[in-house]
Amino acid sequence: EGKIILFIDELHTIVGAGKTDGAMDAGNILKPMLARGELHCIGATTLDEYRQYIEKDPALERRFQPVMVQEPTVEDTISILRGLKERYEVYHGVKIQDGALIAAATLSNRYITDRFLPDKAIDLVDEACAMVKTELDSMPAELDDLNHKITQLQIEQASLQKETDEMSKQRLAAIEKEMAELRDSFNSKKAQWENEKNAINKVQSLRAEVETTKAEIEKATRNGDYAKAGQLQYGK
């Protein structure tokens, strides 16, 4: 009915896609519909891949009007990252500082030369968020060190318990005292870490709920269901 525009990322992949003996590929299936105006389509590809695949099929090339889209500037990329910021915060459960977005756009443009903005900057932000999330879920280094010390003392304690000389008994008493202190410190720090994790998880859950509600409001508004949109916006 002319209300839908098909978008195909990596448009060049339709050339030869699905082609088997006696069957047409995706490009040849789309050509008649494009020629009759039954299908409105936008495709994205690189200049090299356009020349390698699309230009070699003149009939398919005629169905599209090339539009050159330049790589966004660093400033444009920063704006794009700011628009995506909330989604990545919700997905990874972390807080992203604006300075991190600026650094991702600036440094990726300077040092990653084999890729283009904004993809390389977005990937940097995504990877950094994933690393921070992993660190949040993992036991902090301080706790891990304490746990390692306790384990080492337990091994020494088990060995000394077999000894009967006075020096071994004194060392055993010192070890047990040190272990008690380390356990108290470990339990206290672990409780604090778990409380922080629970607080972060709670904030992440609330952010996810807000993001879901926003998406539902946008969907209801697009569908003309303003009553539902109002209920979602002001009722929650």
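State which residue is nearest to the chain's Cα centre (by Cα) when the search covers only segment 182-201 and only residues that are among the small types (Gly, Ala, Ser) and under 19 Å from Leu146 (Cα atoms).
Start the filter on segment 182-201 by keeping residues that are among the small types (Gly, Ala, Ser), which leaves 185, 188, 191, 199.
Filter once more, so that each one left must be under 19 Å from Leu146 (Cα atoms): 185, 188, 191.
On the way: Ser185: 35, Ser188: 32, Ala191: 29 Å.
Looking at the filtered set, the residue picked out is Ala191.
Name every residue in segment 98-128 that is among the basic types (Lys, Arg) and over 15 Å from the mean Cα position of the chain (by Cα), in order of residue number.
Pass one, segment 98-128, residues among the basic types (Lys, Arg): 110, 115, 120.
Scanning segment 98-128 gives Arg110, Arg115.
Give the number of residues within segment 89-115 that are assigned to a loop (DSSP other than H, G, I, E, B), at pLDDT 90 or above and crowded, with 16+ Cβ neighbours inside 10 Å.
1
Which condition does His40 not pass, out of (1) touching a strand residue (DSSP E or B) at 6+ places or on another chain (Cβ under 6 Å); (2) under 30 Å from Asp126 (Cα atoms); (3) not aliphatic (A, V, I, L, M), if it passes all the others?
The number of the failed condition is (2).
List the number of the failed condition for Asp126; all other conditions in (1) touching a helix residue (DSSP H, G or I) at 6+ places or on another chain (Cβ under 6 Å); (2) part of a helix (DSSP H, G or I); (3) within 25 Å of Lys197 (Cβ to Cβ) hold.
(1)
How many residues are modelled with pLDDT under 90 and closer than 30 Å to Gln204 by Cβ if we restrict to segment 133-181?
Within segment 133-181, residues that are modelled with pLDDT under 90 and closer than 30 Å to Gln204 by Cβ number 9.
Restricting to segment 185-236, count the residues that are loosely packed, with under 11 Cβ neighbours inside 10 Å, charged (D, E, K, R) and either at pLDDT 85 or above or farther than 30 Å from Val132 by Cβ (or both).
Total meeting the criteria: 3.
The values are calculated or read from the model by the stated rules, or taken from the named source; none is laboratory data. Please read all numbers here as calculations on a predicted model, not as lab measurements. Note that each Cβ is placed from the backbone with ideal geometry, even for glycine, and that neighbours are counted across all protein chains shown.
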